[in-house]
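Engineer: This is the structure, below, for whatever I ask next.
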Amino acid sequence: MDPWTQIDSAPVPGSDSELTLLQRDDDFAIRISDVQGDLMNSRMYHSEEMLAELGCNRLGTIDNARVLVGGLGMGFTLAAALRIVAASAEVIVAELVPKVVEWNQGPLGLCAGRPIDDERAHIHQGDVIALLKHPEKKFDAILLDVDNGPEAMTASANGWLYTREGLKTIYQKLRPEGIVAIWSVRSDNGFTGKLKKTGFKVRAHTVRARPGKGSRHTIFVAQKPR
Ligand SMILES: C[S@@+](CC[C@H](N)C(=O)[O-])C[C@H]1O[C@@H](n2cnc3c(N)ncnc32)[C@H](O)[C@@H]1O
């Protein structure tokens, strides 16, 4: 098998980290400096799709549903959300690293079927936290996959998302019965408890990296009551 070749890199705004895009034959990987392994790999995306399925499963028949995805990565979560929601839905994707959006406009975007070209998809090039703090829009689903779990990794400012204040803000940004789904490399009972204390009904799902096989990841699914 050919070795991985680095084809581009990009600084992560607001941090000292850098993302690199690598290619091997038709496969792509995104890595982050100082972290072992891939942040994303185009051959393993089942849990990224499950994030959307578990977060959006009630939205197929809801008119004008609004979904927030953070971040874009390789677009698998976005593509899965678009497969579920209706024609009238709006799916906003926040991506912190401008080059990730650029990469998705090129060959990398083909991995998930170029979901950014869907007319229901709207890219916000910037921090998902800025959208969450913006008072205007409310969402039926918020799908978060910006770190490896409920602690900052890509950028230190992401830590806010998992604090009581961050979770309260997310709660307020959801419409009644809205769901926040959070991808994590591991389970975390303390975080489940924190979500419950915020007022959510919570379930932590174990999902596999590939259908029926591969590493086990956790998706926290937290629903706001009616
Ligand atoms: C693991 S990848 C997401 C993978 C994605 N679920 C998929 O299906 O391909 C994490 C992404 O979140 C982005 N990101 C990290 N922090 C962010 C933030 N605060 N706001 C928006 N995007 C962020 C990263 O640049 C990266 O593209």
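The numbers here are math on the coordinates, done by the rules we state, and not lab data. As the structure is a computational prediction, the values presented were derived from the model and not from experiment. Cβ placement follows ideal geometry from the backbone for every residue including glycine, while neighbour counts extend to all protein chains displayed.
Engineer: Relative to the first principal axis of the alpha-carbon coordinates of the chain, what is the inclination of helix 164-173, with its axis defined by its Cα atoms, in degrees from 0 to 90 and to the nearest 10?
Structural biologist: That helix lies at roughly 80 degrees to the long axis.
Engineer: In addition: For region 1-79, run through the chymotrypsin sites (Phe, Trp or Tyr not before Pro) and keep only the ones in DSSP coil with at most 16 other Cβ atoms within 10 Å of their Cβ.
Structural biologist: Sparse-neighbourhood loop chymotrypsin sites (Phe, Trp or Tyr not before Pro): TRP4.
Engineer: Can I get the semi-axes of the chain's equivalent ellipsoid? Compute them from the C-alpha gyration tensor as square roots of 5 times the eigenvalues, in angstrom, largest first. List each step's numbers first, then the result.
Structural biologist: Numbers: eigenvalues 136, 74, 60 Å².
Rounded to whole Å, the semi-axes are 26, 19, 17.
Engineer: Assuming a viscosity of 1.567 mPa s and a temperature of 4 °C, what translational diffusion coefficient in µm² per second does Stokes-Einstein assign to region 77-128, Rh being the Kirkwood radius over Cα pairs?
Structural biologist: Taking Rh from Cα pairs, D becomes 115 µm²/s.
Engineer: Using only Cα atoms, tell me the angle between helix 46-56 and the longest principal axis of the chain; keep it within 0 to 90° and round to the nearest 10.
Structural biologist: The answer is roughly 20 degrees.
Engineer: Also: Multiply the residue separation of ASP8 and ARG216 by 0.36 nm, subtract the distance between their alpha-carbon atoms, and state the gained length in nm to one decimal.
Structural biologist: Between ASP8 and ARG216, full extension yields an extra 71.9 nm.
Engineer: Relative to the longest principal axis of the chain, what angle (0 to 90°, nearest 10) does the C-alpha long axis of helix 189-198 take?
Structural biologist: 40
Engineer: List the residues of region 123-162 whose backbone N lies under 19 Å from a point placed 7 Å from the Cα of ASN64 along the Cα-to-Cβ direction.
Structural biologist: It comes to 135-142, nothing else.
Engineer: Check cross-link reach from LYS197 to the lysines: straight Cα distance under 27 Å, and skip same-chain residues fewer than eight apart.
Structural biologist: Of all the lysines, those that pass the test against LYS197 - Cα under 27 Å, at least 8 places apart if same chain - are LYS133, LYS137, LYS138, LYS168, LYS173, LYS224.
Engineer: Counting C-alpha atoms alone, how compact is region 18-59: give Rg to one decimal and Dmax as a whole number, in angstrom.
Structural biologist: Computed over the Cα atoms of region 18-59, radius of gyration and Dmax are 13.2, 38 Å.
Engineer: Based on C-alpha coordinates, I'd like the Rg and Dmax of region 1-129, in Å.
Structural biologist: So, for region 1-129, Rg and Dmax equal 14.9, 47 Å respectively.
Engineer: Just how large is the dipole of region 44-223 about the Cα centre, in debye to the nearest 20, putting +1 at every Lys and Arg Cβ and -1 at every Asp and Glu Cβ?
Structural biologist: Here region 44-223 has a charge dipole of around 740 debye.
Engineer: Something else now. Just order 10-17, 182-189 by mean Cβ neighbour count inside 10 Å, highest at the front, would you?
Structural biologist: On the way: 10-17: 14.9, 182-189: 18.0.
Result, highest mean first: 182-189, 10-17.
Engineer: Now for a separate question. What percentages make up the Cα-Cα pair-distance distribution of region 91-198 when the bins are 10 Å wide from 0?
Structural biologist: 13, 43, 33, 11, 0
Engineer: Moving to a separate point now. Per residue of the chain, what 222 nm ellipticity follows from adding -39500 (n - 2.57) for every DSSP H run with n ≥ 4, rounded to the nearest 500? The partial results should precede the final answer.
Structural biologist: Numbers: 6 runs with 54 residues, N = 226.
After summing the helix terms and dividing by residue count, I get -6500 deg cm²/dmol.
Engineer: Which order do HIS122, HIS205 fall in if you start with the one that has the fewest other Cβ atoms within 10 Å?
Structural biologist: So the ranking, lowest neighbour count to highest, is HIS122, HIS205.
Engineer: What is the fewest-to-most order of TYR162, TYR171 by other Cβ atoms lying within 10 Å of their Cβ? Please report the intermediate quantities before stating the final value.
Structural biologist: On the way: TYR162 22, TYR171 17.
Fewest to most other Cβ atoms nearby, the residues stand as TYR171, TYR162.
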